[in-house]
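The values are calculated or read from the model by the stated rules, or taken from the named source; none is laboratory data. Just so it is clear, the structure is predicted and the values come from calculations on it, not from any experiment. When we count neighbours, we look across all protein chains shown, and the Cβ atoms used for this are built from the backbone with ideal geometry, even at glycine. Accessible surface is based on the protein model in full, side chains and every heavy atom, while ligands, DNA and RNA are left aside. Shrake-Rupley method; radii C 1.70, N 1.55, O 1.52, S 1.80 Å.
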Amino acid sequence: SVSESSRTRSMSSSNEDNSRPKDRTSKVKYKRRRRVYEKIQPEYRYKKLQTVIEGEELRNSTSRFSVRVTFLLLAFFICIAGIRETTRMIRESKDETMRAEDKLKRVERGNSTRDESSREEDMDGDLTEIPDELRHLANVETPFLPTDRAFFWHIPRSGGVTVKMIVSQCLKLTLASEQGAADASDNLLVLSDTEGNHFVNVNTYSADGIVHAKDLNLATFPRLDLIASPLLYDISEHILSSDYRGRCFTILRHPVDRAISSFYDSHSPLSEEMEIEDYADSDRLAPNWMTRVLSNTLEDELTTTHLEIAKHVLEDRCIVGLLRSKGESMQRMETYFGWKLDGEKANECQETLLDWNWSNKNKHKIITEGTDIWRKIAEANDFDMKLYHHAEKIFKLQGEKKLQHP
């Protein structure tokens, strides 16, 4: 490389010698140009070098900025993930605390709302706990969270249809029930019927419909106001979660009256196939429906343990209403969830539905209490009879507490 550079210099010098002018005038001009060139050349080289340096600094600065931005974004996403994990852990801790508080309250109350026979039955066993499948139903006395969802546990032939009509027609709320079954799709939509009632296009009255609603994240749907369903455990396990807890409200009817109404239901062919006397002795009666659903024991033989589970769930996880006090029950529901009737027209709407236009009525023969038919139905629904009497005490106790939305 040294020899090559030497050859290059010698060749350039020889070329310069050959290019030098021979006469005096040309030599003078050549020297002047040479001096100007030598004067300009260092400055030009310096500017060129400075431009190169500035370009390198700009690239280095851009690179450093990119690294900082990348680092900040990474730190941001790590913080978000940490916040989400912390929130989840806090909510799980709250759930555990809530379950512990429930058990403690149960012990402190000493079964104060139970009748004497229930207390005697509990003497031989441990206090019952809320089934884990219902952990996503909030205790009625715990503070509300912004993401809590109103849930109406619909007991058939107990005024549930009218409750849903009041919610839709009078309160103007958006309901998820069986009404949207025919319009189910891959996206959640709010639809309206011919009367202007709003509903979500899902079916929460069937197990398959609930799974479909879960896939669509129904609980997170911002336009949803109330979920209604008779499938208590399916809703708790699939729709609700620790982030979107359920707030349960229900209306109970006397078990004998409910069974008789089910027999004479216009949608049921039972009254066309047999007489009420035969129905009371048949396996079509489907007794103790409430106890079975609340204890999640749909087929096995019921025991007093199942009854205690049903009582505990009803007491701690539901605002209890009674059909015989339907006006007061609706008022409690509206107070608890913070719903208000907007104006005189809305009040008239509710009064009409509650008083003289009670929905889903059916005319049938009156079965008087104390008759053989009434007694047979009551004996077949022995667990539900005890549960209903316990519900009456819960209704009175909750009325004294005046539970309401903060």
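Is the range 213-318 rounded, prolate or oblate when judged by the Cα gyration tensor, a ≥ b ≥ c being the square roots of its eigenvalues, rounded requiring a/c under 1.5 and prolate requiring a/b larger than b/c?
On the way: a/c = 2.57, a/b = 1.69, b/c = 1.52.
The shape class here is prolate.
Need the full-extension length gain, residue 379 to residue 325, defined as separation in residues times 0.36 nm minus the C-alpha distance. One decimal, nm. Don't skip to the answer; put the middle values down first.
Details: separation 54, 0.36 × 54 = 19.44 nm, distance 2.45 nm.
Stretched out fully, the residue 379 to residue 325 stretch lengthens by 17.0 nm.
Taking the alpha-carbon centroid of each part, what is the distance from the range 313-349 to the range 368-405 in angstrom?
Cα centres, the range 313-349 to the range 368-405: 19 Å.
With the cut-off at 1.5 for a/c, could you classify the range 151-232 from its C-alpha gyration tensor as rounded, prolate or oblate?
Details: a/c = 1.71, a/b = 1.17, b/c = 1.46.
In terms of gyration-tensor shape, oblate.
Could you run the Debye sum over the Cα atoms of the range 122-197, one equal point scatterer each and no solvent, and tell me log10 of I(q)/I(0) at q = 0.22, 0.24 Å⁻¹, two decimals?
Ignoring solvent entirely, the Cα scatterers give -1.22, -1.26.
How do 204, 303 stack up against each other in accessible area, from largest to smallest, with a 1.4 angstrom probe?
Values: 204 0, 303 60 Å².
So, going from the largest accessible area down, we get 303, 204.
Return the FRET efficiency for the residue pair residue 73, residue 220: r is the Cβ-Cβ distance, R0 is 30 Å, and the value is rounded to the nearest 0.05.
Efficiency computed from Cβ-Cβ geometry: 0.70.
Given R₀ = 35 Å, FRET efficiency for residue 133-residue 274 by Cβ-Cβ distance, to 0.05? Present the calculation step by step, with values, prior to reporting the outcome.
Details: r = 36 Å, r/R0 = 1.03.
Result of the calculation: an efficiency of 0.45.
Could you give the nm distance between label points at residue 211 and residue 81, where each point is 7 Å from its Cα heading toward the beta carbon?
Calculated label separation equals 3.2 nm.
Which of the listed residues, 306, 327, 343, is farthest toward the dipole's positive end in the range 295-343, when Lys, Arg count +1 and Asp, Glu count -1 at the beta-carbon?
The Cα lying farthest towards the positive end belongs to 343.
Which of the listed residues, 170, 192, 206, is farthest toward the dipole's positive end in the range 151-221, when Lys, Arg count +1 and Asp, Glu count -1 at the beta-carbon?
Checked the options; the winner is 170.
Given the Cα-Cα distance of residue 296 and residue 348 and 0.36 nm per residue of separation, how much length would full extension add, in nm?
On the way: separation 52, 0.36 × 52 = 18.72 nm, distance 3.88 nm.
Result: 14.8 nm gained on full extension.
Can you work out the accessible area per residue across the range 272-406, with the rest of the protein chains kept in place, probe 1.4 Å, in square angstrom? Please list the in-between numbers first.
On the way: 7480 Å² over 135 residues.
I get 55 Å² per residue for this part.
Take the solvent-accessible surface of the protein heavy atoms, probe 1.4 Å, and return the percent of it on the range 147-290 that carbon and sulfur atoms account for. Walk me through the numbers before you get to the answer.
On the way: 2570 of 5600 Å².
Accessible surface attributable to carbon and sulfur in the range 147-290 totals 46 percent.
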